[in-house]
């Protein structure tokens, strides 16, 4: 597609429920990032994929968070047993290569509200 | 850890010039990015600096001093639509070549 697409745009989950957030990066982009953005804050890094390989997951806040990109394109961020502190906007970004010299393009994000 | 500081909020008048500063202390440096983010929308790329000096792109310019760990974004001829958050991000040469973001500066342009 023309840009990074994320779905759903909004998700309300009851505490304890599992959720899955989807990211469709720009076609052909090697690198894919997940960020968490709390209200009034900058995006915080969660995890990074280069093609299907998850090279960095140091930002995942707990073992309830899991991400995958099995075929090197679409990625899913899964949060198990959601808690209220998980409420945030989850942003996905992709860039053309893994060199670090190309800009990252962001999706509009999924706003997760845990009630 | 990585530390990126920018002012939380700024207000400026339509037609004026505003400078948004960003200072950083990171474990390595592989470029500095500025993004604009309107409320409820995705961050959109504005500029990229990897060498010292000024990069100009229309009404927007960005400056970098690597020795001082300092950058600024300069917005000229402000328009109401420039009201947004401006995010400073440093690319750190970890395995992910990850972008670390500041908290963002919320700019309000008033008539």
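Using all pairs of distinct alpha-carbon atoms, the Kirkwood hydrodynamic radius of the protein assembly as shown works out to 17.9 angstrom.
With the simple model of a label 7 Å out from the Cα in the direction of the Cβ, residue B:25 to residue A:97 spans 3.5 nm. Here the gap between residue A:9 and residue A:30, fully extended at 0.36 nm per residue and compared with their Cα-Cα distance, gives a gain of 5.2 nm. Dimensions of chain B based on its C-alpha atoms, expressed as ranges along the principal axes with the largest first, amount to 44, 30, 20 Å. One compactness figure for region B:48-111 is 1.26, namely its Cα radius of gyration divided by 2.2 N^0.38 Å. Computed from the Cα positions only, the extents of chain A along the three principal axes stand at 39, 25, 24 Å, in decreasing order. Within the protein assembly as shown, antiparallel bridges make up roughly 90 percent of the DSSP beta bridges whose residues both belong there. Distances between every pair of Cα atoms in region B:1-41, grouped in 5 Å steps from 0 to the bin holding the largest one, split as 5, 13, 23, 23, 18, 11, 5, 2 percent. Springs between Cα atoms under 10 Å define the GNM used for chain B, and in it the highest mean-square fluctuation of B:67, B:83, B:47 occurs at B:67.
Note down the relative contact order for chain B as a percent, whole number, built from C-alpha pairs under 8 angstrom at least six residues apart.
Over chain B, the number comes to 37 percent.
Read-outs throughout are calculated quantities, based only on the coordinates presented, and are distinct from any laboratory measurement. The shown structure was predicted, so the numbers you read here are calculated from the model rather than taken from an experiment. Glycine also receives a Cβ, built like all others from the backbone with ideal geometry; neighbour counts cover every protein chain displayed.
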